[in-house]
Amino acid sequence: MSKEELIAKARKPGQDAMRLHRFYQGKMETALKCCVRDFDDFAIWYSPGVAEPCRAIHGNRKEVFRYTNKSNFVAVVSDGSRVLGLGDIGPWAAMPVMEGKAMLFKYLGGVDAFPICLDTKDPEEIIRTVKYLQPTFGAINLEDFASPKCFYILDRLREEMNIPVWHDDQQGTAAVTLAALINALRVVNKKIEEVKITLVGAGAANICIARLIMLAGVRPENLLVVDSMGILHKGRTELQKEFKEKWELCLSTNPENKTGGVAEALVGADVLISLSKSGPGIIKKDWIAAMNKDAIVFVCANPVPEIWPWKAREAGARIVCTGRSDFPNQVNNSLVFPGIFRGALDVHARTISDEMCIAAAYELANTARDRGLDAENLLPTMDDWKVVPRIARAVAVKAMEQKFARIELSEEEIYDRAKKIIKRSRNQTEYMMEKGLIPLPEEE
């Protein structure tokens, strides 16, 4: 495909989005899940009958999970300070993205998610507002918050709330990257505790990836992290006050205190994980050529990866992953977050731990392995919906093991419940399209 064709292909989703967003005026609406046989049912669903479940919940707060949809409600919260590759565009302009995330939650995971865009960028106001939402929602999804405040907001809310709080830019990206790494290492027959890994970019995603892959077995002494100023090392003392998460990586990785930039950091590396600037040309062919044999390359900037995949392979990369669906090995958060939330919600979990994320990553990786692995097929695709119940089961089991679950279910119950909810959500959408309740746009 020529450069012009690639550019045209990259632009088409945006062109279609302008037309179809205007056509539908958004992507989400509310719908009933209870029957209305006649108007007498209003006395059950509202006054006077509704007073009885209210009294039950007042007597025992845990009953809110039994008598309401709290266990399937998720708030998708953003201040619009770092939306996709657009930067700080504000909460109004963030709405299409948050609606889109809510749509993915519903269609892929059967989760009832609501976009909530906040007209404040003050971390304390955000924390306070999200905590006020706790009675209504079973979990919180933080989305598109700028770094480094996203770390502070997430840490505070996870500590101070008793429902799961998740930042997909951090935890979702880390979990799906770990899944792809697990299978890439299986293909090249290398061990996670032995490989040398270089992370290019030190924003929210890569910092969380570093933490998760070390918890999953990567040795800190085998890890180098490169930001816009070079390799992180103990001499980068300016980060002590400016960016404590980077400073922690300065202390825990790179024991030899290597200095330099990306070129120096990739010499002798087995794996490159880059979440940096949109390319091409950000990662050079000769840098990849300096990596070890059977190199694994993640170039996940959007809309254009840091180096074109074919150029990375020409330079010696055995496996190349990107964030795009038109190349092999797409590393996409949507492969993992619906299942993680499904599993956490179904056992009424109090949090989503790093260990739950690792369990999800291994289940996602094992799903692809069971189907058959090769260098261009590391992960399932989003249309393989049966991945979600498997991830949900793995996450729920880990939540129960760690005593984060409020209820206990068997593995079979978890899987069957997730499968039923997701099928219902998909069938509902397909039925509404079939009946014209969701009109199909005219082709241009």
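Every read-out reported here was derived from the displayed coordinates using simple, explicitly stated rules and does not represent laboratory data. As the structure is a computational prediction, the values presented were derived from the model and not from experiment. Cβ: placed from backbone, ideal geometry, glycine included. Neighbour counts: every protein chain shown.
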Computed over segment 41-181: relative contact order in percent, which uses C-alpha pairs under 8 Å that are six or more apart: 24 percent
Using DSSP, restrict attention to beta bridges with both residues in segment 23-163 and report what percent are antiparallel, rounded to the nearest 5. 10 percent
Sort Leu108, Leu251 so the one with the fewest other Cβ atoms within 10 Å of its own Cβ comes first. Leu251, Leu108
Could you list, in their original order, any pairs among Lys62/Lys101; Lys149/Lys284; Lys191/Lys311; Lys9/Lys435; Lys191/Lys293; Lys121/Lys244 whose Cα atoms are separated by more than 22 Å? Lys62/Lys101; Lys149/Lys284; Lys191/Lys311; Lys9/Lys435
Segment 23-163: C-alpha gyration tensor shape, a/c 1.5 cut-off, then a/b vs b/c: oblate
Using a simple spin-label model with points 7 Å from Cα along the Cα→Cβ vector, what separation in nm is obtained for Lys258 and His58? 6.5 nm
For each of Val111, Val304, count neighbouring Cβ atoms within 10 Å of the residue's Cβ, then give the residues from fewest to most. Val304, Val111
Placing each pseudo-label 7 Å from Cα in the direction of the beta carbon, Thr429 and Glu242 end up separated by a distance in nanometres of 4.3 nm
Which percent, nearest 5, of DSSP beta bridges in segment 171-321 are antiparallel? 10 percent
